[in-house]
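The numbers here are math on the coordinates, done by the rules we state, and not lab data. Keep in mind the model is a prediction, meaning the values are calculated, not measured. Glycine gets a Cβ as well: all are built from the backbone with ideal geometry, and neighbour counts include every protein chain shown.
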């Protein structure tokens, strides 16, 4: 499934994306607000992607690699995970390469993903972010997400 926006293309994640994702995962600034510290282990990145592909095959998640139109470089990863189809809810998460920070790309991609998931019947998305990630928090607020709690 490909999602297109004016400037971006979101492709379903593929095992062949691992080399393109590696520059994101080795950058400590990009990974500062993610679940893992910078990862410079190609085998581990490949295993993470294999796990995500398994979740997609089980219809439990959607994972996309983000590229600028006309460019083959992976510039981000977006996911809808922990899908509960019965209650029509899931969690959204993303990581974006520094060259796209502050230019509206994350907002553009998120709008397209939200539209896509709404079309599939989801009614509730929870944005997951780490404490101190003010840019992502602001982005989610612009998308009309509301804070419901804080896990300590």
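If I take R0 = 30 Å and measure r between the Cβ atoms of residue 32 and residue 91 in this structure, what FRET efficiency does the formula 1/(1 + (r/R0)^6) give, to the nearest 0.05?
With a Förster radius of 30 Å, E is 0.95.
Taking 35 Å as R0, compute the FRET efficiency from the Cβ-Cβ separation of residue 142 and residue 40 and round it to 0.05.
That gives a FRET efficiency of 0.60.
Could you work out the relative contact order of the chain, using alpha carbon pairs under 8 angstrom and six or more residues apart, expressed as a whole percent?
On the way: 211 pairs, mean separation 33.1, N = 152.
Normalised by residue count, the contact order of the chain is 22 percent.
Which residues does a label at residue 69 reach in region 1-18, if reach means a backbone N under 19 Å from a point 7 Å past the Cα toward the Cβ?
Residues 1-12 fall inside that zone.
For region 104-152, rounded, prolate or oblate, judged on the Cα gyration tensor with a ≥ b ≥ c (square roots of eigenvalues), a/c < 1.5 rounded, else prolate if a/b > b/c? Let's see the in-between values first.
Working: a/c = 2.66, a/b = 1.41, b/c = 1.89.
Here region 104-152 falls in the oblate category.
Find the centroid of the Cα atoms in region 16-74 and in region 76-113, then give the distance between the two in whole Å.
Region 16-74 and region 76-113 have Cα centres spaced 13 Å from each other.
Where does the chain land on Rg(C-alpha)/(2.2 N^0.38 Å)?
Numbers: Rg = 14.7 Å, N = 152, 2.2 N^0.38 = 14.8 Å.
Normalised by 2.2 N^0.38 Å, the Cα Rg of the chain equals 0.99.
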